[in-house]
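Below: one structure, written as structure tokens.
The values are calculated or read from the model by the stated rules, or taken from the named source; none is laboratory data. Worth saying up front: this structure is predicted, and the values here are computed from it rather than measured. Here the Cβ positions follow ideal geometry from the backbone for every residue, glycine too, while neighbour counts run over all protein chains shown.
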Amino acid sequence: MPKTKARAKPGPRAKVESRSITLRVNGRTIEAETPPHRTLLEALRDAGFVDVKRGCEKGDCGACAVLLDGVAVDSCLTLAWTVEGRDIVTAAGLGSHDAMHPLQRAFVERGAIQCGYCTPGLIVAAQSLLAEAPDPSEDDIRLGLSGNLCRCTGYTKVFEAIRDAAAEMRSARRRR
């Protein structure tokens with residue numbers, strides 16, 4: 001008969017303390033009570049930011065992307081405590097229904113929105129890309145969206161929308 005190892009009885013678990021943090025999201029300050037293991041995705045969803053989508057929860061799909069100090073990050077991989085006091089912008093924070101951001105408008109006009117689940121993350125990634133490369137090449141766009149998955153569009157319309165928005169944004173900068 002094979003020998004079995006004795007298993008240790010589980011000991012008492014350390015109590016994880018929550019603390020109150022302040023997040024700056026889309027220009028608003030919000031308070032959140034959160035334990036240290038809570039992700040930014042969870043904190044944002046609990047605070048009502050439904051445009052930040054819960055996708056793979058392991059950094060593969062980009063549905064949860066937000067701008068953190070202007071750079072796209074996966075909120076499912078970012079601990080809420082680590083972003084206290086920093087500037088967070090969701091796709092909804094880029095524009096409104098009445099005053100759409102050029103990326104939001106271009107996505108609608110080009111039909112780059114199918115089911116819409118990945119759209120906020122794609123728009124956030126595109127904004128981060130255009131901040132660094134205002135006149136992106138096809139390869140720039142491909143690399144800029146490499147962390148975002150979409151099962152509906154085939155990406156052609158998404159690329160067209162990003163090029164259209166980039167042109168509009170460059171034109172607006174020249175007019176200033």
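Spot the failing condition for R110; the list is (1) touching a helix residue (DSSP H, G or I) at 6+ places or on another chain (Cβ under 7 Å); (2) in the same structural domain as R28 (by TED's automatic domain parsing), and only one is missed.
Among (1) touching a helix residue (DSSP H, G or I) at 6+ places or on another chain (Cβ under 7 Å); (2) in the same structural domain as R28 (by TED's automatic domain parsing), R110 violates only (2).
Anything in the range 40-66 that is of a type in the set (D, E, K, R), touching a residue at least 40 places away in the same chain (Cβ under 8 Å) and assigned to a helix (DSSP H, G or I)? List them, or say none.
none
Which one is surrounded by the most Cβ atoms within 10 Å (Cβ to Cβ), of the residues in the range 57-84 that are within 16 Å of R24 (Cβ to Cβ) and under 10 Å from the mean Cα position of the chain (by Cα)?
Residue satisfying both the conditions and the ranking: S75.
Since P136 meets every condition but one in (1) part of a helix (DSSP H, G or I); (2) touching a Leu at 6+ places or on another chain (Cβ under 9 Å); (3) buried (at least 19 other Cβ atoms within 10 Å of the Cβ), which condition does it not meet?
(1)
From the list G62, G48, pick out the single residue that is touching a strand residue (DSSP E or B) at 6+ places or on another chain (Cβ under 8 Å) and outside the structural domain of A133 (by TED's automatic domain parsing).
G62
Looking at the range 140-151, is at least one residue farther than 24 Å from R54 by Cβ and not in a helix (DSSP H, G or I)?
Checking the range 140-151: not a single residue is farther than 24 Å from R54 by Cβ and not in a helix (DSSP H, G or I).
Specify which of the listed residues (D69, D135) is free of Cβ contacts under 8 Å to residues at least 40 places away in the same chain, on the phi < 0 side of the Ramachandran plot and not polar (S, T, N, Q).
On inspection, the qualifying residue turns out to be D135.
Please verify whether R174 is modelled with pLDDT under 95 and within 25 Å of C56 (Cα to Cα), treating the condition exactly as stated.
Spelling it out, it is not the case that R174 is modelled with pLDDT under 95 and within 25 Å of C56 (Cα to Cα).
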